[in-house]
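The values are calculated or read from the model by the stated rules, or taken from the named source; none is laboratory data. Quick caveat, the model's predicted, so the values are computed rather than measured. FYI the Cβ positions are ideal-geometry reconstructions off the backbone, even for glycines, and counts take in every protein chain you see. For accessibility, only protein heavy atoms count, side chains too; no ligands or nucleic acids. Shrake-Rupley method; radii C 1.70, N 1.55, O 1.52, S 1.80 Å.
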Amino acid sequence: MNEIIKQPVTAVKGIGEETAKLLEGLRIYTVEDLLHHFPFRYEDYKHKEIHEVKHEERVTVVGRVQSEPSVRYYGKKKNRLTFRLLVNQVLVTVAFFNRAFLKNQIRPGEEVTVTGKWDQHRMTIAGSELRQGKVERDETIMPIYSVSGSLTTKAIRKYIKQALVQFGSYLPELIPAEQRNAYKLPPKADAVKALHFPDDAEAMKHGRRRMVYEEFLCFQLKMQAFKKANREQGEGREIVVATEKVNSFIRQLPFPLTNAQQKAVDEVLADLASPYRMNRLLQGDVGSGKTVVAAICMYAVIEAGYQAALMVPTEILAEQHVGSMKALFEPLGIRVELLAGSVKGKKRRERQAAIEAGEVEVIVGTHALIQEDVRFHNLGLVITDEQHRFGVEQRRILRNKGENPDVLFMTATPIPRTLAISVFGDMDVSIIDEMPAGRKVIETYWAKPDMLERVLEFIAKEIEAGRQAYVICPLIEESDKIDVQNAIDVYHLLQQYFQDRCEVGLMHGRLSADEKETVMEAFSKNDVQILVSTTVVEVGVNVPNATVMVIYDAERFGLAQLHQLRGRVGRGDQQSYCILLADPKSEVGKERMRIMTETNDGFVLSERDLELRGPGDFFGAKQSGLPDFKVADVVHDYRALEVARQDARALLDSPQFWTEERFAGLRHYLEEQGVFDGEKLD
């Protein structure tokens, strides 16, 4: 039955080879793809009263024209037509852009039907459609589809309608009856029809609810079945943890572990000792002490006779880690080496030979670690830092460098629970949500650009007191498209302003690795007091003497990135400050600035960032592994995601799931996804 809807899209009457080619542009290849090409929004043509309409909602109203239409021209071929409309005793303004030709159709005293977007503050409708008289549509909810090439929404609707007639009854029913009944979900065929051709808003809402749950349930089943398969079929190794030695190593650290760090250490050590391969994500805010946790886990692995590798996204960060690891390990006779792009020729060959011979126990590097010519002697633990910056494929290659090494992913981007469940559903998660004792809270201020003089004087005071400052800019050099302060201009401005008072350095992504290293070294040694930089300093660099972070055009950054940048200061025992130079025009921009000044908690920020930006922008990169849902939204539908997660776990744990006919559709889905080959996951 499933095979019927897997037929090429040409099986639908009216779709020939030419149309099929056009549909490929929308990634529609089969009948099933076509039926699952859901609208991305709906236009509501139901007549409403103005007082019922929310700000920025699309609305259709009927009213009587109260004024002659006026047209204003500006720029080339641009114009704005406006008139007053009385909608049931409420006088509103209607504005149409670049539609001056409508002027002759609008006459005072006549009734018209207007559709558009409602601006409650200005009492204005930005019109998209105008019809004479009171017009009632047969369909009050119109779906709008993604289209490509010469395809139109009208054509897509026609093809989908035909596909529903021919194949609607063959849509597989994946959700078991008990879940459908418990959550009052309509059958699959009804839900798909309601999303494409809704009778009313209620039917559409129930159809969507059903499809959201199905997408989440399938996704969670897949993630959790992978996790189960990895644990139970992945040949792990039981690493014998020398508990007393590890405790002794912890005791000789220069500071006590926080409770959260100790809990994370215990969770990782338990994973190392288990026969299953570890697949754990360690989340911790900037400065929460993840590196110490990583070092303890490396020590446990080394004591058991294995090597440990740490992969980081930038060379600067790799060098910094090498410095801190050498300080911890070399007194104990443990050899630490760097493997990165700058290690070349003879030196590189010697290091690779020492790694292969097992003479180097801790290997820190960039993606140079995963190159083919790098071979390990006995790799037991792989740690990747800022793991969402590495593609899934890069992480897989590193994991395959050893005989099933345990894997620990670390990130200082606090990922909201809603996303962690979704993106990292196949991992166990440890969270360090507690700061080490004695760390001062960074004071954050929002300043308008006209306060720059005061900000510069504040920097001058800190420098006189022997401190240092970062100044971050969004772009390297001037751009016609975006009017933002760029690093090179700011560098010249500050050089001029501070002249003989201090040294100003410049850092950006176009510098070579050597040049970056030179600048960073000068800043670390306090030979440079102010470092003007793009966001290349976002990850890594540790300069405890830096107490001021100024961020130009701060509204152009997301909250997670602003928080990462703020975390570059406050690493010493002096009070530190973050100053956001911004004049945001949008409400979202203003809200970001307010949130930054109110909280230093990365997890609170990440939840708010997710609400403001949505999941697609959260990681900034497609490779983050965010699932591509057709209907569901991990932010707005997170309650359904949580329910689906619990249901998926219960299903996989129940013996009936693997044998009974009512679960055959879901089992078949897991087989198609390559999770298992029809055999039960024991």
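Here the stretch 143-177 is the region considered, the condition is being more than 25 Å from Glu18 (Cβ to Cβ) and within 31 Å of the chain's Cα centre (by Cα), and the residue that is surrounded by the most Cβ atoms within 10 Å (Cβ to Cβ) is Ile175. Only a single criterion out of (1) open to solvent by less than 10 Å² (accessible area, probe 1.4 Å); (2) more than 30 Å from Glu607 (Cβ to Cβ); (3) among the small types (Gly, Ala, Ser) is not satisfied by Ser533, namely (2).
Could you go through the stretch 48-55 and let me know if any residue there is without any contact (Cβ under 8 Å) to a residue 12 or more places away in the chain and closer than 25 Å to Phe197 by Cβ. Yes: the stretch 48-55 contains one or more residues that are without any contact (Cβ under 8 Å) to a residue 12 or more places away in the chain and closer than 25 Å to Phe197 by Cβ. Selection of the stretch 267-290 for residues being closer than 11 Å to Glu434 by Cα and of a type in the set (Gly, Ala, Ser) yields Gly284, Gly287, Ser288, Gly289. May I ask you to list the residues in the stretch 27-65 that are among the hydrophobic types (A, V, I, L, M, F, W, C) and farther than 18 Å from Met211 by Cβ? Ile50, Val53, Val59, Val61, Val62, Val65, listed by residue number. All of Arg64, Arg99 fail the test of being surrounded by 13 or more Cβ atoms within 10 Å (Cβ to Cβ), farther than 27 Å from Leu195 by Cα, among the charged types (D, E, K, R) and touching a residue at least 40 places away in the same chain (Cβ under 8 Å), apart from Arg64. Any idea how many residues of the stretch 253-286 are crowded, with 21+ Cβ neighbours inside 10 Å and within 18 Å of Gly323 (Cβ to Cβ)? So the answer is 0. Going residue by residue through the stretch 97-110, is there one that turns out to be touching a helix residue (DSSP H, G or I) at 6+ places or on another chain (Cβ under 8 Å) and at negative phi? No; the residues of the stretch 97-110 include none that is touching a helix residue (DSSP H, G or I) at 6+ places or on another chain (Cβ under 8 Å) and at negative phi. Within the stretch 437-449, the residues that satisfy the criterion of being more than 27 Å from the chain's Cα centre (by Cα), under 21 Å from Leu562 (Cα atoms) and either surrounded by fewer than 18 Cβ atoms within 10 Å (Cβ to Cβ) or among the aromatic types (Phe, Trp, Tyr) (or both) are Arg439, Lys440, Lys448, Pro449.
What about Arg209, is it open to solvent by 70 Å² or more (accessible area, probe 1.4 Å) and either assigned to a helix (DSSP H, G or I) or modelled with pLDDT under 90 (or both)? Yes.
Scanning the stretch 573-605 for residues that are part of a helix (DSSP H, G or I), farther than 28 Å from Ile463 by Cα and open to solvent by 10 Å² or more (accessible area, probe 1.4 Å) yields Glu587, Val588, Lys590, Glu591, Arg592, Phe603, Val604.
Glu215 meets all of the listed conditions (1) open to solvent by 20 Å² or more (accessible area, probe 1.4 Å); (2) modelled with pLDDT under 90; (3) within 21 Å of Leu652 (Cβ to Cβ); (4) not aliphatic (A, V, I, L, M) but one, namely (2). Within the stretch 537-547, the set of residues being under 18 Å from Ile488 (Cα atoms) and either open to solvent by 50 Å² or more (accessible area, probe 1.4 Å) or modelled with pLDDT of 95 or more (or both) is empty. Elements of the type strands (runs of 3 or more DSSP E) sitting completely within the stretch 313-391 and holding at least 1 residues that are over 20 Å from Val293 (Cα atoms): these cover 336-339.
Considering each residue of the stretch 161-169 in turn, at least one proves to be out of contact with any helix residue (DSSP H, G or I) (no Cβ under 8 Å at 6 or more places or on another chain), assigned to a helix (DSSP H, G or I) and more than 25 Å from Leu670 (Cβ to Cβ). Could you check, for the stretch 107-123, whether at least one of its residues is within 30 Å of Arg210 (Cβ to Cβ) and open to solvent by 50 Å² or more (accessible area, probe 1.4 Å)? Yes, some residue in the stretch 107-123 is within 30 Å of Arg210 (Cβ to Cβ) and open to solvent by 50 Å² or more (accessible area, probe 1.4 Å). When the criteria are applied in full, Ala560 fails the requirement of being touching an Asp or Glu at 6+ places or on another chain (Cβ under 9 Å), modelled with pLDDT under 85 and open to solvent by 50 Å² or more (accessible area, probe 1.4 Å).
One residue is enough: does the stretch 23-33 have a residue meeting the conditions farther than 18 Å from Phe167 by Cβ, more than 34 Å from the chain's Cα centre (by Cα) and not basic (Lys, Arg)? No: the stretch 23-33 contains no residue that is farther than 18 Å from Phe167 by Cβ, more than 34 Å from the chain's Cα centre (by Cα) and not basic (Lys, Arg).
Taken over the stretch 635-666, the criterion of being within 32 Å of the chain's Cα centre (by Cα), modelled with pLDDT of 85 or more and either assigned to a loop (DSSP other than H, G, I, E, B) or closer than 14 Å to Ala229 by Cα (or both) is satisfied by Arg649, Leu652, Asp653. Picking from residues in the stretch 124-142 that are open to solvent by less than 50 Å² (accessible area, probe 1.4 Å) and polar (S, T, N, Q), the one that is nearest to the chain's Cα centre (by Cα) is Ser128. Only one of the numbered conditions (1) under 18 Å from Met520 (Cβ atoms); (2) in contact with a Gly (Cβ under 9 Å, 6 or more places away or on another chain); (3) surrounded by fewer than 21 Cβ atoms within 10 Å (Cβ to Cβ) is not met by Gly323, and that is (2). Looking at this structure, is Glu173 of a type in the set (Asp, Glu), at pLDDT below 95 and under 30 Å from Tyr669 (Cβ atoms)? Answer is yes for this residue.
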